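One structure is given here, and the rest of the page talks about it.
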Amino acid sequence: MSTRYSFGPGKVILVGEHGVVYGYPAIAGSLSRGVKATARAAKRPMLKLGRSLAAPAKRSLSRAFEVGLEVAGRPSLEVSLESELPLSMGLGSSGAVSVALSRVLLEKPTAAEVESLSLKMETVFHGRPSGLDHTTSAREGLLWFQKGVARGLTPGKPLQVVVALAGKRRPTKELVEALRERQSRWPRRYQRLFEEIGRLVVEARTAIVGGDLDALGDVMNVNQGLLSALQVSGPKLDGMVQRLRALGAMGAKLTGAGGDGGAVVGLFRDPASAVKQLRREGVECFASELGQVVLP
Ligand code: PMV
C-alpha cells in the first residue's frame, strides 16, 4: 500500500455560541488550518504520538484511535498526526483529529461514514459533544446549526477572517456550567439575551447569503457585546477584539466558549496586512477563508 494522507479542518463559530446550548441557532465555518493524518502499511495498527504531548491528551488520542480501528476493521496501519491548530482554544482541534483519523482509517469512506465515525471519536474527547465541531470539519463548509441539525450555507461573497489567540482558557465545560448557573438563577434576564443572540444569527445568515460583509461585521460586533453581557468575555479577549477592529476588521468577536482567554475572529477585506501587523506585535494569528479548505 502506498502512503495515505487525509485532512480534517478546524472550525470557528462565527455567531451564536452559548445560545446554541439553549436551542438557539449558531453559524460555524471550517478553517483552512486543521489536522493532517498520514498512514503507512505496518505489521500491526499503531498511532505514533509526539513526545511533547501531555499524558491526558495521549490517552484520549489513543482511545479515539482504538474506536476508529474497531469500526474500520483493524487495518494494519501506522498513523501519525500533524496539527496546525492550538489545543483547547475553541478551534475544533479534536473534531479535526477525529475527521482526519476517520478519513485515513476507513477505506474510501462516504461523507456519512466519516461523520458517523468522527462523532464516536469526539465522544471519547468530549463526553457529550454538541456535534458542531466534527460536522463542520467533515462537511468543510459554512453551516447553520440548531438543535443538533446542520444545514449548509452558501456565502454571497468569500468570508475572509483572521483568527488571533488571546492566551490559555478554561475548558468549555466549566464555562458552560457557570453560565448555566447564572441562567437558572435569573432565567428571564438570560432568556432575553439568548433570544437576541438567536435574532442576530438569523440576521447573520441574511448578510452571509446576500454577501453584505458590513452587515455581517456589525452583527459580529453586537454579538460580542451580548457575549460580554453573558459574562463569557474577559480583558484579554476584549483587548484582542479592539485590536482587530483597529486594524480594519468589519466585525470582531470571541469565538467558542470564551472565558479568560481563547480565540478571537475578525472579518476582514484584507486579512494579510492585519496578520502581518499582529505577528509583528507578537500575536499568534492566521488568516483563513471560511468554508474553503486548501488541502496541504
Ligand atoms: O470553545 P468551543 O469550541 O468548545 O465551543 C463552545 C461552544 C459553546 O456554544 C459555548 C458550547 C457548545 O457545546 O456549543
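Quick note: the coordinates plus some simple rules give every number you see, no bench work behind them. Just so we're clear, the structure is a prediction, and the values are computed from it rather than from any experiment. Here the Cβ positions follow ideal geometry from the backbone for every residue, glycine too, while neighbour counts run over all protein chains shown.
Some observations on this one:
- Each label point was placed 7 Å from the Cα along the Cα-to-Cβ direction; for Ala42 and Arg151 their separation is 4.3 nm.
- Difference of contour (0.36 nm per residue) and Cα-Cα distance, Asp238 to Leu87: 52.3 nm
- Helix 213-229 axis versus longest C-alpha principal axis of the chain: approximately 90°, rounded to the nearest ten.
- The chain: relative contact order in percent, alpha carbon pairs under 8 Å with at least 6 residues between: 24 percent
- Over the chain: helical MRE at 222 nm, DSSP H runs n ≥ 4 each giving -39500 (n - 2.57), nearest 500: -14500 deg cm²/dmol
- Given in Å, the Rg to one decimal and the Dmax to the nearest whole number for the Cα atoms of the stretch 19-102 are 14.7, 49.
- Potential extension, Ala246-Val71 segment - 0.36 nm per residue separation minus Cα distance: 58.1 nm
- When the chain is treated as a GNM with alpha-carbon contacts under 10 Å, the residue of Arg269, Arg170, Arg59 showing the greatest mean-square fluctuation is Arg59.
- As a rough guide to protection, the peptides 47-58, 211-222 ranked by mean Cβ packing within 10 Å, highest first, stand as 211-222, 47-58.
- When the chain is treated as a GNM with alpha-carbon contacts under 10 Å, the residue of Leu267, Leu153, Leu254 showing the greatest mean-square fluctuation is Leu153.
- Cross-link pairs beyond the 28 Å C-alpha cut-off, checked among Lys58/Lys276; Lys48/Lys168; Lys11/Lys276; Lys173/Lys253: Lys58/Lys276
- Sites listed here are trypsin sites (Lys or Arg not before Pro) in the stretch 161-202 whose DSSP assignment is loop and whose Cβ has at most 15 other Cβ atoms within 10 Å: Lys168.
- Distance (nanometres) between label positions extended 7 Å along Cα→Cβ at Lys173 and Arg269: 4.5 nm
- Cα long-axis angle, helix 111-126 against the chain (0 to 90 degrees, to the nearest 10): 80 degrees
- In terms of surrounding Cβ atoms within a 10 Å radius of their Cβ, Lys157, Lys120, Lys108 rank from fewest to most as Lys108, Lys157, Lys120.
- Counted residue by residue at 0.36 nm each, then reduced by the alpha carbon distance between them, the extension gain from Glu181 to Ser60 reaches 40.7 nm.
- Restricting the stretch 91-179 to GluC sites (Glu not before Pro) that sit in a DSSP loop and have at most 16 other Cβ atoms within 10 Å of their own Cβ leaves Glu107.
- Net charge contributed by nearby residues that have their C-beta within less than 11 Å of Arg170 (K/R +1, D/E -1): 0
- Nearest-ten-degree value, helix 271-280 long axis tilted from longest Cα axis of the chain: 90 degrees
- Antiparallel DSSP beta bridges within the chain, percent to nearest 5: 95 percent
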